[in-house]
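Read-outs throughout are calculated quantities, based only on the coordinates presented, and are distinct from any laboratory measurement. Please read these numbers as outputs of a predicted model, since none were measured by experiment. Positions of Cβ are generated from backbone atoms using ideal geometry, with glycine treated the same way; all protein chains shown enter the neighbour counts.
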């Protein structure tokens, strides 16, 4: 586990991230929910202390153990799978912030569960996510999350626990005297990149690597987000494109764990915005089930690029939070199939109706699955004025 000093630094970073992630300032008396896995109880205690000192109401919730999750998805009937506990909607209607502290004791305990059973629960909980999305769009809610090192993660990543822990410490800048200040500096640098990307007036992106040849329609009134406080660590700069303009082949060379299932070498072939063909060297059956989870799960919800000048992650971590922020020699891009982020709308997201989101090509799904590519690549922007501009090459933005 992290040392007491590292945990205290982590708690400070999470408070910085939470405040930075919300569009409007927090106020005394705001309600902040903290969901934490049992191995993360000490970090949860330190976060709780900071919340109380700041004058917030801390709603502490422990996550389900692997045994509880397996019992639920393996034994529950349809009514139980879709059940929403009394008072949950009322809490979400008043929630001002959430911090998720993940510390998994198992990554594969759900591998034998039919994904459609998990899909029932995801679909039932979708209205709750929509409540928080609407509150976030109005500046009334902010969130962040992190993942602590565990033996299960280290084992699946093929590392010793100490090596895994070292990657986490570096990735989250916990080896710095003031890691929150380090994150603030990265945030400021990222602002310049996002401003530059917006100034280019991009029509389409062309992503090329040894195994990728993909064109992505950016869409009208899109903006680039990232390094905002959502997720620690987070080095990605991303947008939610118009899914209807996705054409070509995308390939994920970094393995992924999703709902207890391991997948490797995922290849998606897009035509008219839909992944019409999904293959994988390992876990292909599961990939296909995820892409068919609902009517829009096979469409793009996000495209992201990570600059290796920010990220200090150099190894596969068996955790999407770290893997989607992989740095290494080539940086990374990732493509998410499933739901879009409406706050990538370059305007007031609170004014976006479901009908307008659909008309603008924002995807709406119960799935959001990030698939990462770390190959050497070039991303070329086709501009609205007819010009072309390489925006990303050799793991870095070309600013």
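Out of all DSSP beta bridges with both ends in the chain, state the antiparallel percent to the nearest 5. Beta bridges within the chain, antiparallel portion: roughly 75 percent. With 0.36 nm allotted per residue and the present C-alpha distance subtracted, the residue 191-residue 71 stretch has 38.7 nm of extension available.
Under the criterion of Cα pairs below 8 Å and six or more residues apart, the relative contact order for the chain equals 16 percent.
Applying 1/(1 + (r/R0)^6) with r as the Cβ-Cβ distance of residue 376 and residue 220 and R0 = 30 angstrom yields a FRET efficiency of 0.45. Springs between Cα atoms under 10 Å define the GNM used for the chain, and in it the highest mean-square fluctuation of 87, 74, 139 occurs at 87. With a Cα-only, solvent-free Debye model of the range 193-397, what are the log10 I(q)/I(0) values at q = 0.15, 0.16 Å⁻¹? Relative scattering, expressed as log10 I(q)/I(0), comes to -0.89, -1.03. Taking the number of Cβ atoms within 10 Å of each Cβ as an exposure proxy, the fewest-first ranking of 286, 161, 270 is 161, 286, 270. Here the simple spin-label model places points 7 Å from the Cα toward Cβ, and for residue 353 and residue 181 these points are separated by 5.0 nm.
Once the Cα-Cα distance is subtracted from the 0.36 nm per residue extended length, the residue 108 to residue 160 segment shows a gain of 16.9 nm. Between the entries [x] 1.09; [y] 0.97; [z] 0.93, the label attached to Rg/Rh (Cα atoms, Kirkwood Rh) calculated for this structure is [z]. Model label points for residue 123 and residue 49, set 7 angstrom from Cα along the Cα-to-Cβ axis, are 4.6 nm apart. If you sort the three axes of the alpha carbon gyration tensor as a ≥ b ≥ c, you get a/c of 1.5 or more for the range 4-181 and a/b no higher than b/c, which makes it oblate. Taking the chain as a Gaussian network of alpha-carbon nodes connected by springs under 10 Å, the highest mean-square fluctuation of the residues 291, 350, 21 belongs to 350. Springs between Cα atoms under 10 Å define the GNM used for the chain, and in it the highest mean-square fluctuation of 387, 63, 248 occurs at 387.
As a length-normalised measure over Cα pairs under 8 Å and 6 or more apart, the relative contact order of the range 193-397 settles at 24 percent. A full extension of the chain between residue 200 and residue 94 corresponds to an added length of 34.2 nm, given 0.36 nm per residue minus the alpha carbon distance. The distance separating the Cα centre of the range 291-327 from that of the range 227-255 comes to 6 Å.
By the beta-carbon count within 10 Å of each Cβ, the least crowded to most crowded order of 344, 296, fewest first, is 296, 344.
Exposure proxy for 79, 356, 111: other Cβ atoms within 10 Å of each Cβ, ordered fewest to most, give 79, 356, 111.
Round to a whole angstrom and tell me the spacing of the C-alpha centers of the range 349-385 and the range 161-179. Centre-to-centre distance over Cα atoms comes out at 31 Å. In this structure, residue 64 and residue 271 have a Cβ-Cβ separation that, at R0 = 51 Å, corresponds to a calculated FRET efficiency of about 0.85. Modelled spin-label separation between residue 295 and residue 384, with each label point placed 7 Å from Cα along the Cα-to-Cβ direction: 3.1 nm.
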